[in-house]
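S.K.: This is the structure I want to talk about, given as structure tokens.
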Amino acid sequence: MQPYIFPYIGYFQLINAVDKFIIYDDVNYINKGWINRNRILVNGKDSLFTIPLKEASQNKLINEIVVNWDESWKNKFLKTIEQSYKKAPFYLDILPLIEKTISINHTAISEIITLNLKLVNEYLDINTEIVSSSSIYNNTHLKAQDRIIDICLQEKATTYINPIGGLELYDKSVFKNQDMALFFIKSKACTYKQFKNEFVPWLSIIDVLMFCSKTEVKEYLNNFELV
């Protein structure tokens, strides 16, 4: 999966479902995607936050793009988090995860995201191994499905799991020819109380962690089906 900042619960369902999770960080950056953006609850409605990047371009690889935040941006973001979630039941537990994530300067966005994923995994007792595609596989000459299969072959994988959006990208018969099973993870609805507001689904993991106990979130991690 491409690295996403504070991704939604489905991203962590995928991490939790596998033995090894590959962060696909040496592919081209996508403007206005989810790499440096996500949604939180502000005044009862979903609100987009964006981490500023330095000279971001779709002509660059994700691991080549550096965050461009300063203390002013960090303080503003933390203030938004405080105003939005201070009265949430697990605010004091989750705030340190957010503060640690934005504590590093002049670093590639992919490294920030990797740190963030590991922090959340540690909190939720997810022990899945995480590696970056840029650090090990040496196969950027391959594209799309061919590259994914090559990574799986290098890992001697018997099963590859992809988000449901991959239905249009990957062919089960091609994987089967390489003695690998291909599945797609389809998240089921995870509904919880967001103060007294009408529920807003599929927000950042920040929202889930603020309102739900660790036990509840662990239950949500298994709230999916493989197709």
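The values are calculated or read from the model by the stated rules, or taken from the named source; none is laboratory data. Everything quoted here is computed from the prediction, not taken from an experiment. Methodologically, a virtual Cβ is constructed for each residue, glycine included, from the backbone with ideal geometry; neighbour enumeration extends over all protein chains shown. What goes into the accessible areas is simple: the full protein's heavy atoms, side chains included, and nothing from ligands, DNA or RNA. Shrake-Rupley method; radii C 1.70, N 1.55, O 1.52, S 1.80 Å.
S.K.: Out of the range 91-119, which residues are over 23 Å from A56 (Cβ atoms) and either open to solvent by less than 60 Å² (accessible area, probe 1.4 Å) or among the small types (G, A, S) (or both)?
M.R.: Within the range 91-119, Y91, I94, L95, P96, L97, L119 meet the criteria.
S.K.: Further question on the same structure: Can you pull out the residues in the range 48-82 that are of a type in the set (G, A, S) and surrounded by fewer than 15 Cβ atoms within 10 Å (Cβ to Cβ)?
M.R.: S57, S72
S.K.: For the range 1-37, give me the residue count where each residue is open to solvent by 60 Å² or more (accessible area, probe 1.4 Å), over 17 Å from I65 (Cβ atoms) and within 11 Å of the chain's Cα centre (by Cα). Steps first, please.
M.R.: From the range 1-37, those open to solvent by 60 Å² or more (accessible area, probe 1.4 Å) are 8, 19-20, 28, 30-32, 34; that's our starting set.
Remaining after also requiring over 17 Å from I65 (Cβ atoms): 8, 19-20.
Going one step further and asking which of them are within 11 Å of the chain's Cα centre (by Cα), we end up with 8.
Of the residues in the range 1-37, 1 are open to solvent by 60 Å² or more (accessible area, probe 1.4 Å), over 17 Å from I65 (Cβ atoms) and within 11 Å of the chain's Cα centre (by Cα).
S.K.: Further question on the same structure: Evaluate the range 59-81: report whether one residue or more is assigned to a helix (DSSP H, G or I), among the acidic types (D, E) and touching a strand residue (DSSP E or B) at 6+ places or on another chain (Cβ under 8 Å).
M.R.: Taking every residue of the range 59-81 in turn, at least one turns out to be assigned to a helix (DSSP H, G or I), among the acidic types (D, E) and touching a strand residue (DSSP E or B) at 6+ places or on another chain (Cβ under 8 Å).
S.K.: For the range 132-179, what are the residues that are among the acidic types (D, E) and either touching a strand residue (DSSP E or B) at 6+ places or on another chain (Cβ under 9 Å) or within 24 Å of N63 (Cα to Cα) (or both)?
M.R.: Selection gives D146, D150, E155, D171.
S.K.: Before we move on, is A88 open to solvent by less than 50 Å² (accessible area, probe 1.4 Å), farther than 21 Å from Y8 by Cα and either under 20 Å from the mean Cα position of the chain (by Cα) or modelled with pLDDT of 95 or more (or both)?
M.R.: Numbers: open to solvent by less than 50 Å² (accessible area, probe 1.4 Å): yes; farther than 21 Å from Y8 by Cα: no; either under 20 Å from the mean Cα position of the chain (by Cα) or modelled with pLDDT of 95 or more (or both): yes.
Against the criterion (open to solvent by less than 50 Å² (accessible area, probe 1.4 Å), farther than 21 Å from Y8 by Cα and either under 20 Å from the mean Cα position of the chain (by Cα) or modelled with pLDDT of 95 or more (or both)), A88 does not qualify.
S.K.: OK, next. Pick out the one residue from L48, L14, L41 that is free of Cβ contacts under 8 Å to residues at least 60 places away in the same chain, not in a loop (DSSP other than H, G, I, E, B) and not small (G, A, S).
M.R.: L48
S.K.: Just to verify a result, which residue in the range 134-159, among those that are surrounded by 15 or more Cβ atoms within 10 Å (Cβ to Cβ) and small (G, A, S), is farthest from K176 (Cα to Cα)? Give the steps one after another, and end with the answer.
M.R.: Within the range 134-159, the first condition is being surrounded by 15 or more Cβ atoms within 10 Å (Cβ to Cβ), and the residues that meet it are 134, 137, 139, 145, 147-152, 155, 157.
After this cut, where a residue has to be small (G, A, S) as well, the list is 134, 157.
Numbers: S134: 26, A157: 12 Å.
If we take residues in the range 134-159 being surrounded by 15 or more Cβ atoms within 10 Å (Cβ to Cβ) and small (G, A, S), then S134 is farthest from K176 (Cα to Cα).
S.K.: Determine if the range 101-110 includes at least one residue that is in contact with a helix residue (DSSP H, G or I) (Cβ under 6 Å, 6 or more places away or on another chain), part of a loop (DSSP other than H, G, I, E, B) and hydrophobic (A, V, I, L, M, F, W, C). Step through it out loud before you land on a result.
M.R.: First, the residues of the range 101-110 that are in contact with a helix residue (DSSP H, G or I) (Cβ under 6 Å, 6 or more places away or on another chain): 101-102, 108, 110.
If we keep only those that are part of a loop (DSSP other than H, G, I, E, B) too, we end up with 102.
Restricting the remaining residues to those that are hydrophobic (A, V, I, L, M, F, W, C) gives 102.
Within the range 101-110, one or more residues are in contact with a helix residue (DSSP H, G or I) (Cβ under 6 Å, 6 or more places away or on another chain), part of a loop (DSSP other than H, G, I, E, B) and hydrophobic (A, V, I, L, M, F, W, C).
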